[in-house]
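Written out below as structure tokens is the structure these notes cover.
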Amino acid sequence: MSTLSYCTVTRTLQSPNKTLHHHQMLRFVGISLRQRAHLSCLAPTIGEIFTHPPKVDSQVIARGHIKSIRSFKNIGFIDISDGSSFLTLNVVFLDPDHVFEQSKFKVGQSVVVKGKWIESQGKQNYELQYDRNDPSHEILVLGDVPDNYAIQKKHQTLQYLRGVPTLRHRTGTLASVMRFRSNVELAIMKYFSTNDFVKVSPPMVTSSDCEGAGEMFVVTPLNNNSKEVNEKFFGKDAYLTVSTQLHLEVLALSLNRVWSLSPCFRAEDSNTNRHLSEFWMLEAEMCYIEKVHQLTDFVENMIRLVVQHIQDDTSQYKLGGVEDLHKSRYSKEEVDKMTTRWNTILSEKPWPSITYTEAIDLINKIKNKGRLKGRVAWGDSILTEHEKWLAGSHFQSPVFITDYPADQKPFYMPPSDASVFDPERPTVACFDLVVPDIGELIGGSVREHRYEPLVAEIEKRGMVAETLDWYLSTRTNGSVPHGGFGMGFERLIAYLAAMENIKDVTAFPRAPQVCAC
């Protein structure tokens, strides 16, 4: 018997509780796409119930966790949420003293409520009425909680919530960030699909250090049962990847345009609000790229269209939409910050693009006002505070910084275009996108597609070329000009959602001394 035969189909468009069995499904071959989208083998979520409300006075079953309990002289309320929406469903009932005598309800309990769907007298359009004298009505506790349940309807700091990693996403703010993150990922997926990219899954375990910084985690078996003491599990040293770029290049040379969104790992002893040891990196590689501006144009278009796509969908109940994000915040300041950041991205003016050399001049002449104190010499790193100043105070816009000194960047970047290249101060064809308040968001470059210059650069840096033979082989087997970029996905989410600490936009943060579960 097929799996489908065990399913029932819920027609939430009509009534969340009217089910249609497998033998009845053929009747729905001719239904509209809108109706078909709401056929499911699953019980409706609270979000779905609000989006497609059933008929008034019909019986409805709702499931979720108790968010709050309110009791007055003649009426009581239990608000429940299942994480599918910023909205809570109000369960209303008369004679609260008798209701609470029957069961001890507590914030955090998971419940199933059967009642009558009615128009609300409060802020919401509808609510669920429970009548203790109606035998068809029921409030059933599925899972109890201890009396000291960690999540209560009061202000709890994000720092405190990091200490309860298995429960923190039951709060409105952090649940909305997870829904928003999902929505952004879908929008990005649509953008790449529209541009003929192939989504691929590169390996997390690698034998190569993509960035050459040595900040990698070593992969070894927990119990080494090898016959030879020195025998390596993979036959060589293996690491958790810091970037999937090298493997993406290999795939791009076969598939033309590829992208991935996958976890990367960096063993950097940094516990700032901008760094994670495990983070998700959106990376893309594309063939027939010869100029940096081809990459910066693509990146600007990607960020603009993704933000515009989400902003244009103003549906009140959109999962992870603007309304969801805003209504889950209790601070007007945070909502205003989000609005400002989105408007900055969507400004009608193209994002500025300056070279590293021009950035150094601006920092020295304008930020430092020509003073020697704080002066940045050519060849110095542009610090996060400089990036924030350039994008925030000076340009008040995302800004591309191109053509960094060669010794600041990895081995695979070719020299800058002849129009900006200075042999006395050699630079490479690369870019960073920096945004206000955050700093660097995206880094990318043209890739050196010629074998001899690439090998020469590897040897110049004291690297062992033999460990990269697999990568170098692409340069002797029909190589083409190509380029790509990488974006820290958590940084994008933190910026758009106005979250100050990157640990609050990933489900289970990993950082030095941070691995709670």
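The values are calculated or read from the model by the stated rules, or taken from the named source; none is laboratory data. Nothing here was measured: the structure is a model prediction, and the numbers come from that model. Because the Cβ atoms are built from the backbone with ideal geometry, glycine has one as well, and the counts that use them run over all protein chains shown. The protein model used for the area step is the full one, side chains on, heavy atoms only, and it has no ligands, DNA or RNA in it. Shrake-Rupley method; radii C 1.70, N 1.55, O 1.52, S 1.80 Å.
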Using Cα-only point scatterers and the Debye equation, what is log10 of I(q)/I(0) for the range 370-440 at each q in 0.23 Å⁻¹, rounded to two decimals?
-> -1.06
Regression test value, accessible area per residue of the chain, probe 1.4 Å, units Å², expected 51
Under the rule of -39500 (n - 2.57) per DSSP H run of 4 or more residues, summed and divided by the residues of the chain, what mean residue ellipticity at 222 nm is obtained, to the nearest 500 deg cm²/dmol?
-> -7000 deg cm²/dmol
Give the span of the range 139-209's Cα atoms along each principal axis, as three whole-Å numbers ordered largest to smallest.
-> 53, 34, 27
Against the globular-protein guess of 2.2 N^0.38 Å, express the Cα radius of gyration of the chain as a ratio, rounded to two decimals.
-> 1.17
Cleavage-rule hits (GluC sites (Glu not before Pro)) in the range 450-517: DSSP loop, at most 16 neighbouring Cβ within 10 angstrom | Glu500
Enter the Cα centre distance for the pair the range 330-409 and the range 305-327, rounded to the nearest angstrom.
-> 28
Using only alpha carbon positions, build the gyration tensor of the range 97-227, then give the equivalent ellipsoid semi-axes as the square roots of 5 times its eigenvalues, largest first, whole angstrom.
-> 46, 24, 16
Potential extension, Ile75-Gln159 segment - 0.36 nm per residue separation minus Cα distance = 26.6 nm
Put a dot 7 Å past each Cα toward the Cβ at Phe217 and Thr166; how far apart are the dots in nm?
-> 2.1
In the range 291-369, what trypsin sites (Lys or Arg not before Pro) fall in a loop by DSSP, with at most 16 other Cβ atoms inside 10 Å?
-> Lys291, Lys369
What is the dipole size for the range 63-209, taken about its Cα centre, with +1 at each Lys and Arg Cβ and -1 at each Asp and Glu Cβ, in debye to the nearest 20?
-> 400
So how much slack lies between Val420 and Phe233, counting 0.36 nm per residue of separation and subtracting their Cα-Cα distance, in nm?
-> 62.6 nm
Rg to Rh for the range 224-312: what is it, with Cα atoms only and Rh by Kirkwood?
-> 1.12
Once the Cα gyration tensor of the range 321-389 is found, what semi-axes does its equivalent ellipsoid get, as square roots of 5 times the eigenvalues, in whole Å, sorted largest first?
-> 35, 15, 10
Where a label projected 7 Å from the Cα of Gln408 along Cα→Cβ would reach, residues of the range 424-440 with amide N under 15 Å | 425-435, 439-440
If the cut-off is 30 Å between C-alpha atoms, which lysines fall inside it for Lys114, apart from same-chain ones fewer than 8 positions away?
-> Lys18, Lys55, Lys67, Lys73, Lys104, Lys106, Lys123, Lys153, Lys154, Lys318, Lys327
Can you list the residues of the range 420-439 with backbone N under 14 Å from a point 7 Å past the Cα of Arg450, pointing along Cα to Cβ?
-> 429
Cα atoms only, the range 249-391: Rg and Dmax in Å?
-> 19.4, 55
From the C-alpha gyration tensor of the range 369-506, pull out the three semi-axes of the equivalent ellipsoid (sqrt of 5λ each), sorted largest to smallest, in whole Å.
-> 31, 21, 13
Given Lys190/Lys332; Lys337/Lys388; Lys190/Lys409, which pairs have Cα atoms separated by over 24 Å?
-> Lys190/Lys332; Lys190/Lys409
State whether the range 81-145 is rounded, prolate or oblate according to the following rule on the C-alpha gyration tensor (a ≥ b ≥ c being the square roots of its eigenvalues): a/c under 1.5 gives rounded; otherwise a/b larger than b/c gives prolate, and the remaining case gives oblate.
-> oblate
By per-residue mean of other Cβ atoms within 10 Å, what is the highest-first order of 120-126, 444-450, 297-303?
-> 444-450, 297-303, 120-126
Using 0.36 nm per residue of separation minus the Cα-Cα distance, give me the extension gain between Ala465 and Gln102 in nm, one decimal.
-> 123.2 nm
Please compute P(r) over all alpha-carbon pairs of the range 291-357, binned at 5 Å starting from zero, and give each bin as a whole-number percent.
-> 3, 14, 21, 20, 16, 11, 8, 5, 2, 0
Let me know the charge dipole size of the chain about its Cα centre in debye, to the nearest 20, where only the beta-carbon of Lys, Arg (+1) and Asp, Glu (-1) is charged.
-> 1680
Return the carbon/sulfur percentage of the accessible area of the chain, one whole number, probe 1.4 Å, all protein chains in place.
-> 51
